[in-house]
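First comes the structure, then the notes that go with it.
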Amino acid sequence: MTSTPRRYHITTFGCQMNKADSERMAGILEDMGFKWSQDPNGADLILYNTCTIRDNAEQKVYSYLGRQAKRKHENPDLTLVVAGCVAQQEGEKILRRVPELDLVMGPQHANRLEDLLTQVFDGNQVVATEPIHIVEDITKPRRDSTVTAWVNIIYGCNERCSYCVVPNVRGVEQSRTPEAIYAEMELLGKQGYKEITLLGQNIDAYGRDLPGVTPSGRHQHTLTDLLYQVHDISGIERLRFATSHPRYFTERLIKACDELPKVCEHFHIPFQSGDNEVLKAMKRGYTHQKYRRIIDKIREYMPDASISADAIVGFPGETEEQFENTLQLVDDIGFDQLNTAAYSPRPGTPAALWEQQLSEEVKSDRLQRLNHLVAQKAAQRSQRYLGRIEEVLVEDQNPKDKSQVMGRTQGNRLTFFKGNIDELKGQLIKVEITEVRAFSLTGEAIF
Ligand code: SAH
Ligand code: SF4
Ligand code: F3S
């Protein structure tokens with residue numbers, strides 16, 4: 001191992017969990033004396049934190065890896081690391097495809113990066129994909145933002161949705177203790193962070209694996225309890241959480257969100273399909289009627305709440321009629337935002353083996369039709385902001401117009417307005433909305 005300062009680069013694919021893991025791994029590398037390199041070609045250590053939720057996400061990783069593997073032939077000191085969900089899914093198999101790799105590590109091993117690299121620098125090629133109990137995050141993450149932060153509260157997922165790789169690659173649910181979460185959030189508050197998003201693949205499962213039940217028989221530690229517990233941490237102005245599962249979403253949680261002023265009135269609750277038979281085949285454990293009741297309940301308490309979700313089109317066997325039930329749900333609910341995807345068969349998942357796979361043409365046609373409706377509905381939803389005064393947490397300069405800053409409303413709409421980032425960063429500013437688009441707003445600050 002050389003003693004000159006080494007440079008590292010991380011490219012992150014996939015969801016917020018991966019982004020949060022990358023921030024922790026970057027913190028570990030900086031602790032070890034590495035310095036950030038924006039350009040991967042200027043780095044001595046390159047880490048790809050990978051995603052395998054759909055086939056195109058996985059393939060992207062291989063093209064990046066191929067390029068760096070070539071570079072390693074000219075520069076044998078280059079350290080190549082693959083972390084995240086592709087690493088977990090493929091394990092040693094990746095080494096056959098890319099023998100130049102030094103380290104293959106699954107998401108559960110993110111906090112062990114220093115240990116694993118020590119083995120690499122001792123001359124080993126290391127694969128760390130065995131399931132482990134996730135060790136507490138003791139290092140200081142290198143966070144991308146100084147205003148908003150992610151805090152994992154539960155890792156893994158115990159659901160078995162028939163299309164999904166997440167349980168295979170992220171392992172079983174492991175909740176962090178309320179004490180550990182509180183301590184991390186308290187520190188964030190002291191460091192000047194204003195908004196925290198609590199993270200979990202199925203955040204409603206929080207606490208199920210922790211000891212303790214109440215006299216009435218429910219788990220003592222739930223997401224709802226946690227929100228009450230962390231609500232008054234000083235410095236933190238806004239709380240968000242994701243991702244919610246309709247199967248476990250409770251009225252108790254809705255009440256808490258209504259009652260607690262710092263909790264943003266924005267709910268991300270994927271429904272995946274608007275058709276009961278498809279939902280059953282997906283093993284989601286709810287009907288579209290139940291989903292609608294949840295949204296009605298939320299709107300009963302908080303009429304202005306923003307609702308976003310994820311949906312899949314072209315699930316194996318999905319008929320045109322069943323797809324139209326998804327369109328109907330989207331039309332009826334009027335989402336503020338919807339992440340849509342064409343079904344992609346994933347290794348190790350039941351649905352990938354079913355016979356009635358749909359053609360790419362059918363899937364992409366349905367995806368287009370759904371996206372068209374989503375944009376239309378989002379534009380309608382945006383209308384309600386016109387002329388209103390919204391509170392915006394300023395995060396950054398608008399990269400496309402340096403005279404503007406940008407941030408999000410409580411309801412999570414991206415908003416631009418004229419202002420100086422050096423003065424406004426991290427501040428909650430009242431903004432009168434003067435222009436609305438489907439997924440963003442423009443306004444004027446009211447000082
Ligand atoms: N835990 C969350 C979502 C996790 S994955 C939930 O339960 O909803 C993020 C999104 O990717 C999913 O909501 C789903 O819409 C999409 N997705 C997952 N597997 C997929 C697959 N095989 N093909 C297409 N989209 C998929
Ligand atoms: Fe995947 Fe279902 Fe778990 Fe979400 S709840 S991560 S879709 S298995
Ligand atoms: Fe992708 Fe893994 Fe997240 S598969 S969506 S990075 S949990």
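Note on the stretch 322-351: residues that are in contact (Cβ under 8 Å) with a residue 12 or more places away in the chain and in a helix (DSSP H, G or I) amount to 13. Across the stretch 427-444, a minimum of one residue is classified as open to solvent by 70 Å² or more (accessible area, probe 1.4 Å), polar (S, T, N, Q) and not in a strand (DSSP E or B). Scanning the stretch 115-172 for residues being without any contact (Cβ under 8 Å) to a residue 24 or more places away in the chain, within 16 Å of ligand 2 (Cβ to nearest atom) and surrounded by fewer than 18 Cβ atoms within 10 Å (Cβ to Cβ) gives a total of 0. Just one of the listed residues (Gln404, Gln368) is without any contact (Cβ under 8 Å) to a residue 60 or more places away in the chain and either over 13 Å from Val313 (Cα atoms) or open to solvent by less than 60 Å² (accessible area, probe 1.4 Å) (or both), and it is Gln404. Of the numbered criteria (1) on the phi > 0 side of the Ramachandran plot; (2) away from ligand 2 (no atom under 16 Å from the Cβ); (3) of a type outside the set (Val, Ile, Thr), the one Gln272 fails is (2).
Conditions (1) assigned by TED's automatic domain parsing to the domain that holds Ser162; (2) of a type in the set (Asp, Glu); (3) open to solvent by less than 10 Å² (accessible area, probe 1.4 Å), marked per residue:
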{"position": "Ala281", "(1), (2), (3)": "yes, no, no"}
{"position": "Lys290", "(1), (2), (3)": "yes, no, no"}
{"position": "Ile294", "(1), (2), (3)": "yes, no, no"}
{"position": "Glu300", "(1), (2), (3)": "yes, yes, no"}
{"position": "Ile307", "(1), (2), (3)": "yes, no, yes"}
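Applying the criterion of being open to solvent by 50 Å² or more (accessible area, probe 1.4 Å) and under 22 Å from the mean Cα position of the chain (by Cα) to the residues of the stretch 21-56, the residue that is farthest from Ser145 (Cα to Cα) is Asp55. Look at Gly274 and say whether it is loosely packed, with under 15 Cβ neighbours inside 10 Å and of a type in the set (Gly, Ala, Ser). Spelling it out, it is not the case that Gly274 is loosely packed, with under 15 Cβ neighbours inside 10 Å and of a type in the set (Gly, Ala, Ser). The combined condition, being more than 16 Å from ligand 1 (Cβ to nearest atom), modelled with pLDDT of 95 or more, in a helix (DSSP H, G or I) and under 30 Å from Glu90 (Cβ atoms), is fulfilled by Glu361. Got at least one residue in the stretch 247-258 being assigned to a loop (DSSP other than H, G, I, E, B), out of contact with any helix residue (DSSP H, G or I) (no Cβ under 6 Å at 6 or more places or on another chain) and touching a residue at least 24 places away in the same chain (Cβ under 8 Å)? Checking the stretch 247-258: at least one residue is assigned to a loop (DSSP other than H, G, I, E, B), out of contact with any helix residue (DSSP H, G or I) (no Cβ under 6 Å at 6 or more places or on another chain) and touching a residue at least 24 places away in the same chain (Cβ under 8 Å). Pro5 fulfils the conditions (1) under 20 Å from Pro141 (Cα atoms); (2) modelled with pLDDT under 95; (3) open to solvent by less than 10 Å² (accessible area, probe 1.4 Å) except for a single criterion, (3).
A count restricted to the stretch 308-336 and to residues that are within 13 Å of ligand 1 (Cβ to nearest atom), in contact with a helix residue (DSSP H, G or I) (Cβ under 8 Å, 6 or more places away or on another chain) and polar (S, T, N, Q) stands at 1. For the stretch 201-214, filtering for residues that are within 16 Å of ligand 3 (Cβ to nearest atom), in contact with a helix residue (DSSP H, G or I) (Cβ under 8 Å, 6 or more places away or on another chain) and over 30 Å from Ile429 (Cβ atoms) leaves 1.
Let's see how each residue does on (1) outside the structural domain of Phe267 (by TED's automatic domain parsing); (2) within 16 Å of ligand 1 (Cβ to nearest atom):
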residue: Arg142; (1), (2): yes, no
residue: Cys157; (1), (2): no, yes
residue: Pro167; (1), (2): no, yes
residue: Arg170; (1), (2): no, yes
residue: Thr177; (1), (2): no, no
residue: Ile196; (1), (2): no, no
residue: Asp209; (1), (2): no, no
residue: Thr224; (1), (2): no, no
residue: Tyr228; (1), (2): no, no
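Scan the stretch 173-191 for residues that are over 14 Å from Gly207 (Cβ atoms) and either within 12 Å of ligand 3 (Cβ to nearest atom) or open to solvent by less than 60 Å² (accessible area, probe 1.4 Å) (or both) and the total you get is 5. The single residue among Ala341, Ala311 that is under 26 Å from Phe267 (Cβ atoms) and buried (at least 20 other Cβ atoms within 10 Å of the Cβ) turns out to be Ala311.
Residue count for the stretch 199-217 satisfying the condition of being surrounded by 14 or more Cβ atoms within 10 Å (Cβ to Cβ) and in a loop (DSSP other than H, G, I, E, B): 8.
The values are calculated or read from the model by the stated rules, or taken from the named source; none is laboratory data. Every value quoted in this text rests on a predicted model; they were computed, and no experiment measured them. Using ideal geometry, Cβ is built from the backbone for each residue, glycine included, and neighbour counts are taken over all protein chains shown. The protein model used for the area step is the full one, side chains on, heavy atoms only, and it has no ligands, DNA or RNA in it. Shrake-Rupley method; radii C 1.70, N 1.55, O 1.52, S 1.80 Å.
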